[in-house]
Amino acid sequence: MSKTLPFTLLSFSWTVLASWPTCIVPITSTPYSYEVPSWLSLNYSCTGSPQVWEARPSRGKGIGVFATRPLDPGDIILAELPVIIIEPPLIRDGVAYPLTSVEPLLQAAFDTLSEEHKSAVLSLHAHLTPEEASDTETRLLPIFRSNAYLVGSLMSEFGLFPKGARINHSCRPNSNQVWIDKTGKRVVRAIRRIEEGEEISATYLPLLQSRKERQRALSQYGFKCTCSACVLGKAEQEASDKRRNDIRLAFHDFEPHLSLSVPQSVADKRKAQMNVEASMQLVKLLEEEELSDYLAPAYRIVALSFARIERWDQATIWAHKSYNLRLAENEDAEGTLEMAALTSQFISSWNEELYNKSKQQG
Ligand SMILES: [Zn+2]
């Protein structure tokens, strides 16, 4: 994303990272009597920075965030407390307050920040309206509007995270960001393998749209996306747009069929079998489009589709794959708990099936 601020403002927060942290695992004289592995105990000490990213110039995008070591899917890149949280005035009579009504709250919160945090906030990119561009005094509100995320237990507040805000957009992102209410942090994780030196990317918008639609939506941030999905040749671009549209339709079409009821009629059984194949095709399309963040709901669809034809082995495997992805994001989230319950339900059905088979054979 293009950053328009002068170099001097941005340079303060560049983090030139040390290499890998050096960690010392204590040698215990007595075995642990409870199940806390040594590396999780307080005796475990690290020297050097555990930080796995650095901010530095990114070609054509101002500043970007880069991995300083290889990262695997699920690895935490950053867990950040918001420097500012704003609870906007309640919506009255179904009408939202104008954004300008947030300004006094924002200014009051900003005034309480340390100088370091004030500089971090002011160094963030903001896409300015023509009126804002002519007024150098009012940078705070555009910065907030361009970078704030919904937070809080009801996701009704707005939080500003200056480090995470430096992550540039891609329509094939390699990280996602999730608000964890228990810790009050926004956590950025790798959603696929990221190599050392690779730029970390996130998405600023829903990705199941054509390139043209995405570019239109991104214009509100004041930049043109040049990610690998946006610089394809004509034929490849059309194929990519078609895949995204097919994925969007598949998620929509599957939704009413995601029950655990086993079809009884021959026609319904045949349809359920076809749905299994369609669900596998959905996963394949997501992999081809490198849309890793949509895999957990897709795996859930595959699991439920197998359950409807009573293939409990496959239902278990796919439910567990979805559960693992959800668990890496947030162990307390509704989606994680649902996948844990489904996995365990499918395992029971699988066990029952194996037991019945052994009885028949015996
Ligand atoms: Zn793009």
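The values are calculated or read from the model by the stated rules, or taken from the named source; none is laboratory data. All figures in this text were calculated on a predicted structure; none of them were measured in a lab. No Cβ is skipped: glycine too gets one built from the backbone with ideal geometry, and neighbour counts run over all protein chains shown.
Observations on the model:
- Residue 190 touching a Cys at 6+ places or on another chain (Cβ under 9 Å) and either aliphatic (A, V, I, L, M) or within 16 Å of the ligand (Cβ to nearest atom) (or both): no
- When the test is whether a residue is surrounded by 13 or more Cβ atoms within 10 Å (Cβ to Cβ) and either over 21 Å from residue 337 (Cβ atoms) or not assigned by TED's automatic domain parsing to the domain that holds residue 342 (or both), residue 266 does not pass it.
- Number of the condition not met by residue 241 [criteria: (1) in the same structural domain as residue 51 (by TED's automatic domain parsing); (2) within 15 Å of the ligand (Cβ to nearest atom); (3) surrounded by 18 or more Cβ atoms within 10 Å (Cβ to Cβ)]: (1)
- Of the residues in segment 283-293, at least one is of a type outside the set (Asp, Glu), part of a helix (DSSP H, G or I), under 16 Å from residue 254 (Cα atoms) and in contact (Cβ under 8 Å) with a residue 24 or more places away in the chain.
- Conditions (1) out of contact with any helix residue (DSSP H, G or I) (no Cβ under 6 Å at 6 or more places or on another chain); (2) within 14 Å of the ligand (Cβ to nearest atom); (3) without any contact (Cβ under 8 Å) to a residue 40 or more places away in the chain: number failed by residue 154: (2)
- All positions within segment 336-362 that are within 20 Å of residue 187 (Cβ to Cβ) and at pLDDT below 95: none
- Criterion: closer than 13 Å to residue 80 by Cβ, under 12 Å from the mean Cα position of the chain (by Cα) and buried (at least 22 other Cβ atoms within 10 Å of the Cβ) - qualifying residue of 188, 178: 188
- Test set (1) within 16 Å of the ligand (Cβ to nearest atom); (2) among the small types (Gly, Ala, Ser); (3) closer than 24 Å to residue 339 by Cβ - residue 298 fails condition number: (1)
- Taking the criterion of being buried (at least 24 other Cβ atoms within 10 Å of the Cβ) and within 16 Å of the ligand (Cβ to nearest atom), the residues of segment 157-169 that qualify are 167, 168.
- Only one of 218, 249, 207 that is out of contact with any strand residue (DSSP E or B) (no Cβ under 6 Å at 6 or more places or on another chain), within 20 Å of residue 326 (Cα to Cα) and either more than 13 Å from the ligand (Cβ to nearest atom) or in contact (Cβ under 8 Å) with a residue 24 or more places away in the chain (or both): 207
- Given (1) touching a helix residue (DSSP H, G or I) at 6+ places or on another chain (Cβ under 9 Å); (2) free of Cβ contacts under 8 Å to residues at least 40 places away in the same chain; (3) over 26 Å from residue 193 (Cβ atoms); (4) not acidic (Asp, Glu), number of the condition residue 355 does not satisfy: (1)
- Beta carbons closer than 7 Å, at least 6 apart along the sequence or on distinct chains, pair a first residue in segment 160-183 that is in contact (Cβ under 8 Å) with a residue 12 or more places away in the chain and under 29 Å from residue 243 (Cα atoms) with a second that is acidic (Asp, Glu) and more than 16 Å from the ligand (Cβ to nearest atom) for 178/329.
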